[in-house]
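The values are calculated or read from the model by the stated rules, or taken from the named source; none is laboratory data. No experiment lies behind these values; they were computed from the predicted model shown. Positions of Cβ are generated from backbone atoms using ideal geometry, with glycine treated the same way; all protein chains shown enter the neighbour counts.
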Amino acid sequence: MTSPVRVRFAPSPTGYLHVGGARTALFNFLVARQSGGTYILRLEDTDTERNTDASVRTIYEGLRWIGLDPDEGPEQGGPKGPYRQSERDALYRSLADELLSRGGVYPCFCTKEHLSAMRERQIAARVTQRYDRTCRAIPRDDALARVKAGEPYTLRLNVPEGETLLPDLIRGDVLVKNEDIEDIILVRTGGAVVYNLAVVFDDHHMGVTHVIRGEDHLTNTFKQLCIYDAMGWERPKFAHLPLILAPAGEGKLSKRKHPEAALEWYQKKGYPPEALLNWICLLGWSYDDKTEIMTRDEMIARFSIERIVKSGARLNLEKLDWMSGDYIRRMPLERVIAEITPYLVEAGLVSASPNADEIEKIRAVAAAEQGRLRCWSQIVELAGWVFAKDVAFEAKAEANLKKRPDSADILRAYAAGLAVQAFDDPKALEAWARAWAGERGLGFGDIVHPIRAALTGRAQGPGLFDVHRILGRAACVARLEAAAAKIGG
Ligand code: GLU
């Protein structure tokens with residue numbers, strides 16, 4: 001019988017939650033869900049200088065936002081806790097002693113000076129910079145006696161002779177010569193353990209069956225395999241996810257250069273989390289060559305590690321916009337209203353507790369723009385004109401306004417006619433406007449562009465008679481007159 005699946009997402013809280021991290025969390029979550037397994041969050045917070053509480057919160061909030069709260073973790077607790085590495089030091093120290101007694105590590109007494117001289121020699125000789133294994137030659141009893149006598153030491157990985165084979169679930173068999181694996185420091189002077197050791201101790205003690213993480217950890221994995229072997233522990237299965245590449249083929253997605261590397265960026269823009277999750281799921285994985293839109297349950301049912309690609313996955317933001325627009329179009333209007341309102345409030349376009357008139361406008365705007373929206377923040381750009389006190393004109397709209405020498409007269413006369421028209425039905429209003437233009441010997445096109453410009457300050461937007469209805473009669477009349485005054489005549 002195979003043991004139940006236990007997987008983990010193990011971020012280091014040193015900054016924001018990376019979109020690649022969110023993908024790692026999602027893939028782990030999916031693997032757990034499809035097998036009735038457990039998905040764990042472990043904070044790898046041993047680097048006290050770089051960890052921040054803000055980053056810890058960002059991780060919790062980010063995972064919650066996309067619906068990936070763990071089954072076990074620092075907030076949830078669980079049988080294998082604590083789930084922060086900073087709270088697991090006692091375990092690490094006792095296991096490090098065991099690793100030493102099993103010969104998986106050896107004490108190293110090399111001084112900083114010795115190590116930097118060694119590095120300089122290697123640079124000069126143009127060979128790989130790597131610990132030269134000086135202290136490995138010290139007889140074990142001598143080394144232990146020096147440790148006992150109080151000489152400062154670190155513990156280094158005792159890489160055995162031979163080769164190490166990693167049967168990776170995505171990359172297939174990866175074989176490495178052990179002479180290419182460095183005897184890295186696993187325990188620092190003073191007893192603090194480093195990532196590569198803590199991760200093995202934790203994965204083993206938390207019963208992790210599958211380690212699914214970014215490809216950037218591939219070289220670490222070989223060191224970690226040596227530790228499993230030295231401890232006599234069963235190795236978990238490994239799957240290394242492809243890199244995430246920058247949007248415009250500029251290489252690797254970098255935290256510093258690309259704001260869209262941060263999950264928060266998408267949250268601030270107001271992408272619906274279910275759309276974002278769908279898009280993230282397709283970063284390096286596909287169900288077949290055509291299916292794009294999938295609910296979370298469909299992802300759970302369909303996901304398979306075998307269909308993850310080896311090559312890097314480009315962050316395709318156009319695809320996200322398309323996908324998100326599709327999700328938004330299928331949402332109930334009430335949700336659109338609820339989602340856009342905070343953005344309108346934040347932009348100062350409506351009051352913090354909108355009044356009846358504002359509520360009505362928000363509803364009308366939501367209905368008119370639902371088909372165009374890609375993310376909620378876009379509403380400010382698309383519909384700012386509805387709420388603005390004075391119309392601000394785009395250059396193209398201003399040109400449309402002045403296209404005919406008699407534009408001001410047309411706008412004024414139209415305003416006067418509009419003031420006494422039935423207003424509720426956009427179709428009836430359009431019929432009236434067409435007739436109105438015809439009576440004056442004008443084409444419909446002669447009036448549409450200046451009227452749209454006068455009402456919205458834009459050259460494009462929702463249907464012109466939806467615009468009328470969104471604004472209401474009084475605002476339409478006032479804006480038409482203001483525009484007529486602006487162009488003079
Ligand atoms: N803490 C590591 C990181 O944030 C992940 C380690 C792992 O998944 O093994 O990159």
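Restricting Gly417, Gly371 to those that are out of contact with any Pro (no Cβ under 8 Å at 6 or more places or on another chain) and more than 28 Å from Arg440 (Cβ to Cβ) reduces the list to Gly371. Picking from residues in region 1-17 that are more than 15 Å from the ligand (Cβ to nearest atom) and modelled with pLDDT under 95, the one that is nearest to the chain's Cα centre (by Cα) is Pro4.
Here's the yes/no breakdown for (1) under 32 Å from the mean Cα position of the chain (by Cα); (2) exposed (fewer than 14 other Cβ atoms within 10 Å of the Cβ); (3) on the phi > 0 side of the Ramachandran plot:
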{"position": "Glu334", "(1), (2), (3)": "yes, yes, no"}
{"position": "Thr341", "(1), (2), (3)": "yes, no, no"}
{"position": "Leu344", "(1), (2), (3)": "yes, no, no"}
{"position": "Ala352", "(1), (2), (3)": "yes, yes, no"}
{"position": "Cys375", "(1), (2), (3)": "yes, no, no"}
{"position": "Val391", "(1), (2), (3)": "no, no, no"}
{"position": "Leu401", "(1), (2), (3)": "no, no, no"}
{"position": "Lys427", "(1), (2), (3)": "no, yes, no"}
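Within region 207-231, the residues that satisfy the criterion of being outside any helix (DSSP H, G or I) and either within 18 Å of Thr24 (Cα to Cα) or within 12 Å of the ligand (Cβ to nearest atom) (or both) are Val208, Thr209, His210, Val211, Ile212, Arg213, Gly214.
Just one of the numbered conditions (1) surrounded by fewer than 21 Cβ atoms within 10 Å (Cβ to Cβ); (2) in contact with a Lys or Arg (Cβ under 8 Å, 6 or more places away or on another chain); (3) not small (Gly, Ala, Ser) is not true of Val211: (1).
When you scan region 62-77, do you find a residue that is more than 15 Å from the ligand (Cβ to nearest atom), buried (at least 19 other Cβ atoms within 10 Å of the Cβ) and closer than 26 Å to Leu197 by Cβ, even just one? Yes, region 62-77 contains a residue that is more than 15 Å from the ligand (Cβ to nearest atom), buried (at least 19 other Cβ atoms within 10 Å of the Cβ) and closer than 26 Å to Leu197 by Cβ. The residue list Arg42, Arg33 contains one member that is among the basic types (Lys, Arg) and surrounded by fewer than 24 Cβ atoms within 10 Å (Cβ to Cβ), which is Arg33.
Do you know which residues across region 444-465 are in contact (Cβ under 8 Å) with a residue 60 or more places away in the chain and buried (at least 18 other Cβ atoms within 10 Å of the Cβ)? The answer is Ala453, Ala454, Leu455, Thr456, Gly457, Arg458, Gly461, Pro462. Within region 18-49, the set of residues being assigned to a loop (DSSP other than H, G, I, E, B) and either modelled with pLDDT under 95 or more than 10 Å from the ligand (Cβ to nearest atom) (or both) comprises Ser35, Gly36, Gly37, Asp45, Thr46, Asp47, Thr48, Glu49. Counted as qualifying within region 263-380 are the helices (runs of 4 or more DSSP H) with 2 or more residues that are touching a Phe, Trp or Tyr at 6+ places or on another chain (Cβ under 7 Å), namely 263-269, 273-281, 317-329, 333-346. Scanning region 344-397 for residues that are among the hydroxyl-bearing types (Ser, Thr, Tyr) and without any contact (Cβ under 8 Å) to a residue 24 or more places away in the chain turns up Ser351, Ser353. The condition of being away from the ligand (no atom under 14 Å from the Cβ), surrounded by fewer than 20 Cβ atoms within 10 Å (Cβ to Cβ) and either hydrophobic (A, V, I, L, M, F, W, C) or within 19 Å of the chain's Cα centre (by Cα) (or both) holds for Gly251. Inside region 155-192, can you point out the residues that are in contact (Cβ under 8 Å) with a residue 12 or more places away in the chain, over 18 Å from Thr219 (Cβ atoms) and not in a strand (DSSP E or B)? Glu161, Arg188, Thr189, Gly191, Ala192, listed by residue number. Of the residues Trp265, Trp285, the single one that is closer than 27 Å to Gly172 by Cα, at pLDDT 95 or above and either in contact with a Pro (Cβ under 8 Å, 6 or more places away or on another chain) or surrounded by 14 or more Cβ atoms within 10 Å (Cβ to Cβ) (or both) is Trp285. Does any residue of region 83-91 turn out to be assigned to a loop (DSSP other than H, G, I, E, B), under 30 Å from Thr154 (Cβ atoms) and within 16 Å of the ligand (Cβ to nearest atom)? Taking every residue of region 83-91 in turn, at least one turns out to be assigned to a loop (DSSP other than H, G, I, E, B), under 30 Å from Thr154 (Cβ atoms) and within 16 Å of the ligand (Cβ to nearest atom). Of everything in region 106-148 that is of a type in the set (Gly, Ala, Ser) and out of contact with any Phe, Trp or Tyr (no Cβ under 8 Å at 6 or more places or on another chain), the residue that is farthest from Ala230 (Cα to Cα) is Ala124.
Selection of region 232-248 for residues being out of contact with any helix residue (DSSP H, G or I) (no Cβ under 8 Å at 6 or more places or on another chain), over 24 Å from Gly15 (Cα atoms) and assigned to a loop (DSSP other than H, G, I, E, B) yields only Gly232. For region 193-206, a tally of residues being away from the ligand (no atom under 13 Å from the Cβ) and assigned to a helix (DSSP H, G or I) returns 1. Scanning region 273-300 for residues that are small (Gly, Ala, Ser) and within 26 Å of Pro167 (Cβ to Cβ) yields Gly284, Ser286.
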